[in-house]
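What follows is a single structure, written as structure tokens, with notes after it.
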Ligand code: NAP
């Protein structure tokens, strides 16, 4: 039987660089001819793709740790799909793979760019979230960048998102004496304390972060896992105990600032309190991946960790999903379902 292979596929391109917040005009959805699959390559039908905050940085034309997206070209990012054609002995048609060519229906890539994942071990979305890059960032950030110790009082911002929801749970499982989280709605705060086991949580929109954090952790904090930057970072500096350790994972409150990010106002606190401010990228801790997968995989299997996904259907809705994620429409990992 000859399999009818697709000749074309839809992809999402960067139509224009955003100034401030991205809008629908930032993107274009275009149907394009698929390249031939050459020896050593595979053709993958994408099932799910990830929208991540770091992608906003790649829309700016600045040098960074990853090259900027090119105007007029397809975006890329984490995706899980099914191999439909393989011209490599490393992968076979039917394999489920994790790779970096999201934002399109079909992707052609060298087999080395795709990692086989086990659909029996976890649902496909987990490989983009709890068992993927965000989970890895939570694990490495907390245990290595912040050097979490038993008895620590831990504050996590962006705590209902993909990274934050896991960071808080790992802190609890690794012996934190108290875990405090912040998020952008009452429902999210209730999710943190009700379902994820945080000891306290607040909605940062309810009042100054500084006051709400001081009320939630009057004894002070030893570890801050920062996903947000801005006023959250200042509040954490003010509430820090001596020798507190901060893992600077992200600064999502700043990514759409048109005229440059606002720096922390309370940095002098770090001097008097001997605070360690440790920025990190998950790529720095590649060597920790097996340990992360083993431990978090076990906690998941034992039901000691839970996670949520917010799934938007249709590649054409990926731009909206991305913008909505930056606005906080997601609880847990924001994903786009491209195909069943
Ligand atoms: P996420 O938390 O699932 O989604 C982004 C969240 O940011 C939204 O749900 C929203 O939740 C929150 N947010 C948006 N604007 C905000 C503001 N002004 N103040 C406070 N919160 C705001 O995304 P994620 O993938 O888990 O990433 C979280 C952070 O980790 C990001 O800063 C990201 O860049 C960073 N990150 C870093 C690494 C690394 O290697 N260092 C790896 C992965 C991710 P609310 O409803 O709570 O506002």
> If you wrap a convex hull around the Cα atoms of segment 133-283, how much volume per residue is inside, in Å³?
Replying inline: 102
> Any idea how far apart residue 45 and residue 28 come out in nm if each label point goes 7 Å out from Cα toward Cβ?
Replying inline: 2.8
> Under a no-solvent Debye model with one identical scatterer per Cα of segment 52-210, what's log10 I(q)/I(0) at q = 0.08, 0.11, 0.12, 0.15 Å⁻¹?
Replying inline: -0.33, -0.59, -0.69, -0.95
> Tell me, in nm to one decimal, what length is gained between residue 317 and residue 211 on full extension, where the rule is 0.36 nm per residue of separation less the Cα-Cα distance?
Replying inline: 34.4 nm
>> Treating the chain as a set of equal point scatterers at the Cα positions, no solvent, please give the Debye-formula log₁₀ I(q)/I(0) at q = 0.10 Å⁻¹.
In response: -0.60
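Which order do 191, 127 fall in if you start with the one that has the fewest other Cβ atoms within 10 Å? Can you show the working numbers first?
Numbers: 191 22, 127 25.
Fewest to most other Cβ atoms nearby, the residues stand as 191, 127.
To the nearest 0.05, what FRET efficiency results for residue 190 and residue 112 with a Förster distance of 41 Å applied to their C-beta separation? Please report the intermediate quantities before stating the final value.
Details: r = 44 Å, r/R0 = 1.08.
For R0 = 41 Å, the calculated efficiency reads 0.40.
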> How do 273, 188 line up, fewest other C-beta atoms within 10 Å first?
Replying inline: 273, 188
> What is the Cα convex hull volume of segment 48-146 when expressed per residue in Å³?
Replying inline: 125
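So what is the relative contact order for the chain, in percent, with contacts set as C-alpha pairs under 8 Å and at least six apart?
Values: 753 pairs, mean separation 58.7, N = 340.
Once normalised by length, the contact order is 17 percent.
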> Hey, how much of the P(r) for segment 222-283 falls beyond 17 Å, as a percent of Cα pairs?
Replying inline: 36
> How many angstrom separate the Cα center of segment 283-340 from the Cα center of segment 223-249?
Replying inline: 24
>> If you fit an axis through the alpha-carbon atoms of helix 162-173 and take the longest principal axis of the Cα set of the chain, what angle between them do you get, 0 to 90°, nearest 10?
In response: 50
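Give me the extension gain from residue 324 to residue 306: residue separation times 0.36 nm, minus the current Cα-Cα distance, reported in nm with one decimal. Intermediate results must be reported in sequence, preceding the final value.
Details: separation 18, 0.36 × 18 = 6.48 nm, distance 2.28 nm.
So the extension gain works out to 4.2 nm.
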> With springs only between Cα atoms under 10 Å, which of 49, 109, 325 fluctuates most in a Gaussian network model of the chain?
Replying inline: 109
> If you line up the long axis of helix 230-239 against the longest principal axis of the chain, both from Cα atoms, how many degrees apart are they, to the nearest 10?
Replying inline: 40
>> Output the 0 to 90 degree angle, nearest 10, between the alpha-carbon long axis of helix 318-327 and the longest principal axis computed from the alpha carbons of the chain.
In response: 0
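Write down the percent of antiparallel bridges among all DSSP beta bridges whose residues are both part of the chain, to the nearest 5. Provide the component values of the computation, followed by the final result.
On the way: 30 of 58 bridges.
DSSP beta bridges in the chain are roughly 50 percent antiparallel.
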> Where is the GNM fluctuation largest for the chain (alpha-carbon springs, 10 angstrom cutoff): 119, 22, 39?
Replying inline: 39
>> From Cα pairs below 8 angstrom and at least 6 apart in sequence, can you work out the relative contact order of segment 70-205, rounded to a whole percent?
In response: 15
> So between residue 259 and residue 276, what do we pick up on full extension, going 0.36 nm a residue minus the alpha carbon distance?
Replying inline: 3.3 nm
> Which value, in nm² and rounded to one decimal, describes the direction-averaged projected area of the C-alpha convex hull of segment 53-109?
Replying inline: 4.8
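Readers should treat all values here as calculations from the given coordinates under stated rules, not as data from a laboratory. Quick caveat, the model's predicted, so the values are computed rather than measured. Here the Cβ is made from the backbone with ideal geometry for all residues, glycine too, and neighbour counts use every protein chain on show.
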